[in-house]
1. Right, C:GLU107: modelled with pLDDT of 95 or more, in contact with a helix residue (DSSP H, G or I) (Cβ under 9 Å, 6 or more places away or on another chain) and of a type in the set (D, E, K, R) or not?
2. Any idea which of (1) at the interface with another protein chain (Cβ under 7 Å from one of its Cβ atoms); (2) among the aromatic types (Phe, Trp, Tyr); (3) in a helix (DSSP H, G or I) is the one B:TYR50 doesn't satisfy?
3. Would you please name the residue that is nearest to the other protein chains (Cβ to nearest Cβ), looking only at residues in the range B:225-238 that are in contact (Cβ under 8 Å) with a residue 12 or more places away in the chain and in a helix (DSSP H, G or I)?
4. Would you mention how many residues in the range C:11-21 are assigned to a strand (DSSP E or B) and either charged (D, E, K, R) or buried (at least 23 other Cβ atoms within 10 Å of the Cβ) (or both)?
5. Among the residues of the range C:41-67, which ones are touching a residue at least 60 places away in the same chain (Cβ under 8 Å) and in contact with a Ser or Thr (Cβ under 9 Å, 6 or more places away or on another chain)?
6. Can you tell me which residue within the range A:24-37, out of those that are more than 8 Å from chain B (Cβ to nearest Cβ) and surrounded by 12 or more Cβ atoms within 10 Å (Cβ to Cβ), is farthest from the chain's Cα centre (by Cα)?
7. Test C:LEU96 against the criterion of being crowded, with 23+ Cβ neighbours inside 10 Å, outside any helix (DSSP H, G or I) and not hydroxyl-bearing (Ser, Thr, Tyr), and give yes or no.
Amino acid sequence: MAGGRPLLRRLARWADRPATLLAPAGGWLVVFFLVPLLIMAAYSVMPRGTYGGVETGFTLEHYRRFFDPLYLDILRRTVVLSAVCTALCLVLGYPVAYLIARSGRWKNLLLVLVIVPFWTSFLVRTFAMIFLLRDTGLVNAVLLRLGLISEPLILLYTPFAVVTGLVYTFLPFMILPIYASLERMDGSLLEAGALLGAGPVARFRRITLPLSMPGVVAGCLLVFIPALGSFIPSDLLGGAKQMLIGNLVQNQFTAARNWPFGSAASLVVMAAVLVGVVAYLRSRDRAPGGGV
Amino acid sequence: MLSGRTSRWLGAAVGLVYLFLHLPLLILVAFSFNASRFSVDWTGFTLEWYRRLLERPDILHGLRNSLIVGGAATVIATVCGTLFALALGRHRFRGRRTLESLLYVPLVTPEIVVGISLLAFFAALGVALGLATIVIAHVAFSISFVAVVVRARLMGMDRSLEEAALTLGADEVTTFWRVTLPQLLPGVVAGGLLAFTLSFDDYVITSFVAGSGSSTLPVVIYGMVRRTVEPSINAISTIVLVVTTILIYAADRLSRGGAAR
Amino acid sequence: MTALAAAVEFDRVSKTFDGHRAVDALSLVIHPGEFFSLLGPSGCGKTTTLRLLAGLEQPDPDGGRILIDGQVVTERRPYERNLSMVFQNYALFPHLSVERNVAFGLEQRSMPREAMGPRIRQALDLVRLDPDTFGRRMPSQLSGGQRQRVALARALVLEPALLLFDEPLGAIDLKLRKEMQLELKALNRRLGITFVYVTHDQEEALTMSDRIAVMDHARIAQLGTPAEIYENPRTAFVAGFIGESNLLEGTVERRDGDGWLVRMDGETIRVPHHPALAAGGAVRLAVRPEWLDLFRPGEVPPGENALPGTVRDIVYLGETIHVLVDRPNGRLIRVALRNEGQLIKPLAWRRGEAARVGWLPEDAQVLEDA
């Protein structure tokens, strides 16, 4: 046995302890994730500096500004568009998840076809939407060519464009958790339901749907939360007219140079996210089917 | 359990949803080869737009930055995230469950919040923005992804394999190299591929922590998209799509293939 | 150390998990070459005992000593103990072929490659797996029984002095399990290796073991040969866990010759002598169903104990037929009668008939935990 072996063993046993293993990632996340969030929180209650940045002091002025009708409008639009997007994703996504869960040997292919867009660049996908929806885009060109319209429809820079972009971006977030909960469902439950006299509609309503509720809840939150904080679709597809809270935050840190207000706005977003996550965890712990 | 007609309707509806998910990207790719610059008419096949990319220093520079940042962030995030997952998966200690939940916080935090908080942080410390700050930011949001993927792999792994190695005469060091790591590797590689994809794709966070001259490819593309729609964007988008799709497909195969065994 | 050294010795070993005692001041000696089983229900501490022996768990601080072959190994790591272990779920390395799995331990011992080949073949032969057919396969391409054999070969190839088994046959179907039990027993005899075997299956323990330690609540309830454990269970737990037993309570009347007279269900019965008995005290007996017999009232042979009862039910089990008899106090006695062929010679008992349950005094076991 080599002379350095016992030392190496001691080192290995030392390294294989929770504290040693957690230190690098934990340290990184504390310094570069948690501390920045705290600094941002501090900024949100400090007076605005003349040339960007902040001055020392304490004020709640930036939170008060939200009650300005201009900003309340943005908040309302954000919530409404996110909710519409969530509802559309649910309506479009549930049948897809249902079909994948029942699809037998095509399951893997269908699943990959959902997972791949789940990960492909937001930016590229949003550009694809622009390419289709702009005045001289493919949708208008086809409609004109078919004679269905005589002049191009204004599709881009409308709420319609933003919602389409959001749905396009977040649909996989809805499909995957619903699929996961349907997949776990024991097929013999439906057979048992049929033997107990339930028709297809009753089986769906009384067995499938309740058992997939954890997935539905997870999917809705996974769509609604990022939609609230989204930024690219509204910026590129909505233009300046369809500002969401994400754009407001960005604006405060760039053009408006009002960092404290931007910080306050993003803390509001963060708080909404955390409320959603806690709500999700609660519903998951209570759900009969277990977590997703 | 569905009647034939219901399932046909369902199939048709789902087919439309799949079209909605994939057709826009396919069209985008197709038009990257269209000879016409302005029209949506197909006027012939060309590689002109790809060739022009090579003449654009901003795109080449952005690509170089993206590769540097992606490489560095991937290595750091993969090592840190894997160690973190090992701590969660192989040890019992107080607060483990809490840590496990906290791991998900970076996953659900909106990118815009991460971006501006890091901007505020670097500003408060007086750190000059550049490639290093981008790497720091990308590692911060990738660690959790890596840790979650590796953790899932660890959960499927049988602890008694390591114990068997110990009773067969392998010490802790050998056991790690010969048993633990080979088992874990698909998860680690999958996590690394995800980390690279996230980094390579990220616009929102990068836009806040990138200094002048350190723009990554997505930042360059974003600027182009905001200005105009031109076939070069289709071309570079196609390249990004192909790269990320390959990476994600590989990561998916790795992380699932292992679990199936 | 002399040849008389114990293969394994536990000296007041304790192990606590999160405030829960898994092993409580356990002392135990295992002889060289012995097939020794740790038997008990789940949670009794048998697996923890085995893992302590393997070095996969450490005893509590001041939690006693473990000796292997006369040497204290409490502080040693598993790879410093010269033992092998077969795991419950086989624990075959999924990324290595069968050959490479078996070679794993030899490689750790820095054996030259030329010497390894024959050893591996020999080990696979020993567990009756054809090296040419199975050597290159991956574990995922094997059936449960084949995996079990590979795991065994992997442990045997090291020629350890001590081989540990953690419920290795639990996941195999019944027929194959019975076959493997006999093979393991034969291997133990042939190789002279000490086997320590954990199981919750009493039949398995009785089949294979030289001695059995029945464990309950982190302690050894009884230690002995299979016959001692089965025929002389010392406590109600052992009597109930190993096979089936009827538990009968009564009151001691007086000493009578070399036994005692006991009052039970209005009858006086004889029980063998036991130091714990005293006139006027309570006594609890265990009687195996197969040692009981059924008689018509008035037909009990002299010298047999008998309790009155009514036939409640008759259960056909194939090899035996169990007659369930209601005692006057409402409890059940289970009587196992040999099945002599119901189609040719049907059982003479019917439900609701009055009966006497009889047994010879020496067939009842006085339990300690009365």
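1. Numbers: modelled with pLDDT of 95 or more: no; in contact with a helix residue (DSSP H, G or I) (Cβ under 9 Å, 6 or more places away or on another chain): yes; of a type in the set (D, E, K, R): yes.
No, not satisfied.
2. Tallying (1) at the interface with another protein chain (Cβ under 7 Å from one of its Cβ atoms); (2) among the aromatic types (Phe, Trp, Tyr); (3) in a helix (DSSP H, G or I), B:TYR50 fails exactly one: (1).
3. To start, the set of residues in the range B:225-238 that are in contact (Cβ under 8 Å) with a residue 12 or more places away in the chain comprises B:230-238.
If we keep only those that are in a helix (DSSP H, G or I) as well, we get B:231-238.
Values: B:PRO231: 10, B:SER232: 12, B:ILE233: 6, B:ASN234: 7, B:ALA235: 11, B:ILE236: 9, B:SER237: 4, B:THR238: 8 Å.
Per the criteria, the residue is B:SER237.
4. Taking the range C:11-21 and keeping what is assigned to a strand (DSSP E or B), we get C:11-17, C:20-21.
Of the ones still in play, those that are also either charged (D, E, K, R) or buried (at least 23 other Cβ atoms within 10 Å of the Cβ) (or both) are C:11-13, C:15, C:21.
Qualifying residue count, the range C:11-21: 5.
5. Listed by number, the residues that qualify are C:LYS46, C:ALA54, C:LEU67.
6. Residues of the range A:24-37 that are more than 8 Å from chain B (Cβ to nearest Cβ), as a first pass: A:27, A:30-31, A:34.
When the remaining residues are screened for being surrounded by 12 or more Cβ atoms within 10 Å (Cβ to Cβ), the result is A:31, A:34.
On the way: A:VAL31: 25, A:LEU34: 21 Å.
Only one residue fits best here, namely A:VAL31.
7. Working: crowded, with 23+ Cβ neighbours inside 10 Å: no; outside any helix (DSSP H, G or I): yes; not hydroxyl-bearing (Ser, Thr, Tyr): yes.
In short, no.
Residue-by-condition table, conditions (1) within 30 Å of C:THR310 (Cβ to Cβ); (2) under 16 Å from the mean Cα position of the chain (by Cα); (3) in contact (Cβ under 8 Å) with a residue 12 or more places away in the chain:
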| residue | (1), (2), (3) |
| --- | --- |
| C:HIS200 | no, yes, yes |
| C:LEU206 | no, yes, yes |
| C:LEU223 | no, yes, yes |
| C:ILE242 | yes, yes, yes |
| C:ASN246 | yes, no, yes |
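The values are calculated or read from the model by the stated rules, or taken from the named source; none is laboratory data. Computed from a prediction, not measured in an experiment: that's the story for all the values here. Cβ sites come from the backbone with ideal geometry, for glycine too, and all protein chains shown count toward neighbours.
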